Amino acid sequence: MKKRSRIIAFLLLAVLVFSLIGSTTKDITKNVNLGLDLQGGFEVLYQVNPLDKGDKIDNDAVKSTAKTLESRVNVLGVSEPKIQVEEGNRIRVQLAGIKDQNEAREVLSTQANLTIRDAKDRVLLSGKDLVQGGAKQGFKDNTNEVAVTLKLKDAKKFKEVTEKVSKMNPNLMVIWMDYEKGDSYAKEAKKEQEGKEPKYISAATVSQPINSENVEISGGFNGEQGVKEAKQIADLLNSGSLPVKLDEVYSTSVGAQFGKDALDETVLASSIGVGIIFLFMLIYYRLPGVVAVITLSAYVYLTLLAFNFISGVLTLPGLAALVLGVGMAVDANIIMYERIKDELRIGRTLQQAFKKGSGSSFITILDANLTTILAALVLFVFGESSVKGFATMLLLAILMSFVTSVFFTRILLALLVNSNYFKKKYNWFGVSKKDRHDISERLDVHDLRTVYDKINFVKLAKPLLTFSIITIIVGAIIVSIFRLNLGIDFTSGTRVDLQSDQAIKTEQVSKQFKDMGLEPSQVTTSGTGNKMATVQFKDALNKSEIQKVKSDFGKSLGHDPNVSTVSPVVGQELAGNALKAMLYAALGIVLYVSFRFEWRMGATAVLALLHDVFMIVAVFSLFRLEVDITFIAAVLTIIGYSINDTIVTFDRVRENLRKVKVITKPETIDMIVNSSIRQTMTRSINTVLTVVIVVVALLILGSTSIFNFSLALLIGLVSGVFSSVFVAVPLWAILKKRQLKKSENGKLVVYTEKKSNDEKILV
């Protein structure tokens with residue numbers, strides 16, 4: 001009996017999804033916080049050091065300095081500045097969308113310095129005269145009026161100062177933070193009279209000498225806002241009481257046009273890549289492909305919604321992660337759809353095939369996603385700035401792809417299947433009548449013939465493994481000779497990215513730098529028509545040199561250049577964190593795979609991953625491609641993603657072992673390996689192909705900023721398919737044969753039957 005209500009429910013859900021997407025997407029995308037690389041801006045990492053020898057920097061001093069920086073940023077008019085204290089007495093400042101980056105750098109780098117002056121702007125006391133951390137927000141005892149109290153080191157000195165001020169006209173003691181040449185009390189007092197905020201913190205009248213080490217600032221602090229202002233002043237005074245030196249250890253500035261172009265190019269590339277994936281799913285999987293298009297659209301929407309909810313900052317690598325997530329979401333669909341097709345081919349009804357296929361594919365999908373989550377978590381912990389943004393988006397993408405592609409897909413597909421409209425229309429699910437067996441044949445999905453049955457993968461594996469070993473040896477020689485072309489992220493120095501509407505000539509760029517008194521170590525052109533150029537300096541440029549570069553090339557080329565500077569200390573830290581990240585990711589995967597399967601599968605899976613990583617490294621070394629922090633993000637993504645194919649194949653190996661139960665001959669192991677690879681080959685190719693489509697689109701049409709990132713992903717994906725089929729599983733077979741050889745009685749029990757109703761399907 002046909003159930004029209006289920007078709008109507010399906011259509012209503014589809015209409016609801018697309019209506020919701022169509023009506024709210026504009027608002028959601030509008031509210032997405034764009035990172036520096038997508039809208040332009042300025043980022044700097046300061047190391048907080050004592051100004052004077054012998055002074056100590058504690059957490060309170062760093063936090064107070066951060067609050068001082070925040071107050072300065074507010075003057076710049078940045079809508080959503082991001083200032084955070086990091087380990088090692090460091091402060092990271094991110095100012096997205098800032099128009100005058102030179103001004104921002106100048107304002108931020110001014111030393112946090114407190115001075116107490118008279119009305120003629122002569123210095124009476126400085127921050128050094130205050131007890132560190134002695135400024136507090138409180139209330140006056142008698143009136144409960146909001147006040148700020150200060151503690152001085154020398155009460156006698158303060159008495160002398162106040163006595164001197166009390167005899168002046170006007171008898172004022174003015175507290176300043178970051179007094180600059182040209183500032184004056186008279187000018188700022190006039191502002192205050194006009195109702196504007198003065199630059200000084202406080203101007204107190206002194207009528208008599210004060211013989212105390214405690215000073216109180218009161219008046220003007222009204223209500224709840226007054227309490228906040230008093231607390232801020234106390235924090236400012238505490239930061240000024242310990243003059244600090246802010247050393248730039250990392251900085252990057254991105255021109256607004258660079259950011260806009262990168263965003264437009266990557267969105268276009270992503271749209272084309274996703275569109276091709278949609279077309280592929282519709283053509284290859286037909287009706288389930290329609291479901292995939294709906295769920296994938298929901299995935300993109302929900303991921304952006306969740307990203308906004310957590311106030312995430314979307315970076316260029318993060319945008320790439322969102323698109324990669326589409327490929328991963330498709331993977332889950334493909335694994336389930338291929339299993340349903342197999343169940344239909346052995347003669348099950350559509351309802352039986354759906355129930356069995358969706359159930360048996362769940363654990364495989366879960367295992368594949370968890371390994372990718374593991375790599376993303378490692379990236380999040382060890383990553384910095386844009387890499388952390390990439391990891392955040394990747395984690396969200398995996399979570400949302402799992403929710404939509406597993407649960408939402410099942411709901412929609414269940415409505416179609418249970419409607420009975422497609423009861424015997426197997427071609428709507430990509431299975432023709434001639435490919436179906438009768439259920440009376442009592443075939444299992446493992447007994448089905450494949451287009452790969454004539455290929456002996458075990459036999460092929462031997463020469464291909466030899467080829468891989470030779471390739472690794474050659475690659476090692478290449479890496480040892482050429483080394484890696486490490487970017488400034490790992491070596492320190494300065495990188496300048498130039499953009500022009502006309503072709504850029506390296507000679508002209510070199511001459512322009514020479515005229516500035518600067519000698520670049522490398523100048524290369526790129527992009528369509530050589531309209532972009534990358535310039536590298538071995539040594540980090542100072543603040544004034546960066547300002548000069550941005551100003552001169554901004555005028556001559558019509559676009560503000562991007563300038564990134566990394567100190568040797570940070571470069572070493574990034575390199576160390578990169579190695580730790582890859583080590584922890586590999587260790588986590590081997591432990592997880594060993595737990596879920598067996599240690600031999602875990603060990604060979606990691607060997608296959610190392611093979612993939614080395615292939616990427618060898619190609620980048622041979623062609624002298626730059627290795628930066630996004631390269632590490634790409635490698636870790638491959639570590640998490642390429643394991644998917646290996647897990648899918650190992651999962652089928654495990655199923656085939658359950659059928660065999662006891663192994664007595666090495667040939668049986670070869671049979672299991674061949675069968676498992678043949679049975680999963682189609683889905684392995686399709687799952688990788690969908691991601692490759694996206695990566696190729698990003699590679700060809702995306703921003704040049706992520707070209708190396710996309711290329712590393714492409715190499716890793718192709719290598720991943722190869723290593724899953726010809727490295728991981730064959731190596732497991734070798735280890736298994738050794739186990740058989742050492743076993744008692746020449747028997748190897750690989751599965752013990754358990755009493756379960758899991759495999760029982762009513763027919």
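Computed values, structure above
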item	result
Any hit, region 561-578, residues being at pLDDT 85 or above, in a loop (DSSP other than H, G, I, E, B) and either more than 25 Å from Arg652 (Cβ to Cβ) or of a type in the set (Val, Ile, Thr) (or both)	yes
Any hit, region 439-447, residues being touching a Gly at 6+ places or on another chain (Cβ under 6 Å) and at pLDDT 85 or above	yes
Lone qualifier among Leu689, Leu657 - being of a type outside the set (Asp, Glu), farther than 23 Å from Ile629 by Cβ and surrounded by fewer than 18 Cβ atoms within 10 Å (Cβ to Cβ)	Leu689
Condition check for Asp367: more than 24 Å from Gly273 (Cα to Cα) and touching a Gly at 6+ places or on another chain (Cβ under 9 Å)	no
Region 406-462, residues that are of a type in the set (Phe, Trp, Tyr) and free of Cβ contacts under 8 Å to residues at least 24 places away in the same chain	Phe407
Any hit, region 593-610, residues being in a helix (DSSP H, G or I) and in contact with a Gly (Cβ under 6 Å, 6 or more places away or on another chain)	yes
Phe362 vs. criteria assigned to a helix (DSSP H, G or I) and either among the polar types (S, T, N, Q) or buried (at least 22 other Cβ atoms within 10 Å of the Cβ) (or both)	no
Hey, Ala414 crowded, with 16+ Cβ neighbours inside 10 Å, among the hydrophobic types (A, V, I, L, M, F, W, C) and closer than 20 Å to Ile335 by Cα or not	yes
Any chance Glu197 is of a type outside the set (Ser, Thr, Tyr), in the same structural domain as Ala119 (by TED's automatic domain parsing) and surrounded by fewer than 12 Cβ atoms within 10 Å (Cβ to Cβ)	yes
Answer residue from region 680-703, given it is polar (S, T, N, Q) and either at pLDDT 90 or above or in contact with a Ser or Thr (Cβ under 6 Å, 6 or more places away or on another chain) (or both) and is farthest from Ala320 (Cα to Cα) among those	Thr680
Residue in region 676-686 that is surrounded by the fewest Cβ atoms within 10 Å (Cβ to Cβ), counting only those that are in contact with an Asp or Glu (Cβ under 9 Å, 6 or more places away or on another chain) and farther than 15 Å from Ser642 by Cα	Thr682
Single residue of Gly493, Gly527, Gly517 found to be crowded, with 18+ Cβ neighbours inside 10 Å and more than 18 Å from Gln101 (Cβ to Cβ)	Gly493
Helices (runs of 4 or more DSSP H) completely within region 415-522 that count 1 or more residues being within 32 Å of the chain's Cα centre (by Cα), farther than 30 Å from Thr704 by Cβ and not hydroxyl-bearing (Ser, Thr, Tyr)	457-482
Test: Gly134 is on the phi > 0 side of the Ramachandran plot and surrounded by fewer than 19 Cβ atoms within 10 Å (Cβ to Cβ)	no
Arg117, sole failed condition from (1) buried (at least 21 other Cβ atoms within 10 Å of the Cβ); (2) farther than 20 Å from Gln208 by Cα	(2)
Residue that is farthest from Ile706 (Cα to Cα) [pool: residues in region 523-560 that are assigned to a strand (DSSP E or B) and free of Cβ contacts under 8 Å to residues at least 24 places away in the same chain]	Val523
Selection status of Val381, of a type in the set (Val, Ile, Thr), in the same structural domain as Leu296 (by TED's automatic domain parsing), part of a helix (DSSP H, G or I) and farther than 30 Å from Gln351 by Cβ	yes
Condition check for Val660: modelled with pLDDT under 90 and more than 35 Å from the chain's Cα centre (by Cα)	yes
Ile546 being of a type in the set (Val, Ile, Thr) and at pLDDT 90 or above	no
Qualifying residue in region 639-647 (condition: within 26 Å of the chain's Cα centre (by Cα), at pLDDT 80 or above and either surrounded by 19 or more Cβ atoms within 10 Å (Cβ to Cβ) or not aromatic (Phe, Trp, Tyr) (or both))	yes
Filter result for Tyr285 (among the aromatic types (Phe, Trp, Tyr), surrounded by 22 or more Cβ atoms within 10 Å (Cβ to Cβ) and under 23 Å from Ser432 (Cα atoms))	yes
Region 164-194, subset over 12 Å from Asp118 (Cβ atoms) and either among the basic types (Lys, Arg) or not assigned by TED's automatic domain parsing to the domain that holds Lys128 (or both), residue nearest to the chain's Cα centre (by Cα)	Lys181
Test: residue in region 628-636 that is of a type in the set (Val, Ile, Thr) and either without any contact (Cβ under 8 Å) to a residue 40 or more places away in the chain or part of a loop (DSSP other than H, G, I, E, B) (or both)	no
Test: residue in region 601-612 that is touching a helix residue (DSSP H, G or I) at 6+ places or on another chain (Cβ under 9 Å), buried (at least 22 other Cβ atoms within 10 Å of the Cβ), of a type in the set (D, E, K, R) and closer than 18 Å to Ser710 by Cβ	yes
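The values are calculated or read from the model by the stated rules, or taken from the named source; none is laboratory data. Quick caveat, the model's predicted, so the values are computed rather than measured. Reconstructed Cβ throughout: ideal geometry from the backbone, glycine too, with neighbour counts over all protein chains shown.
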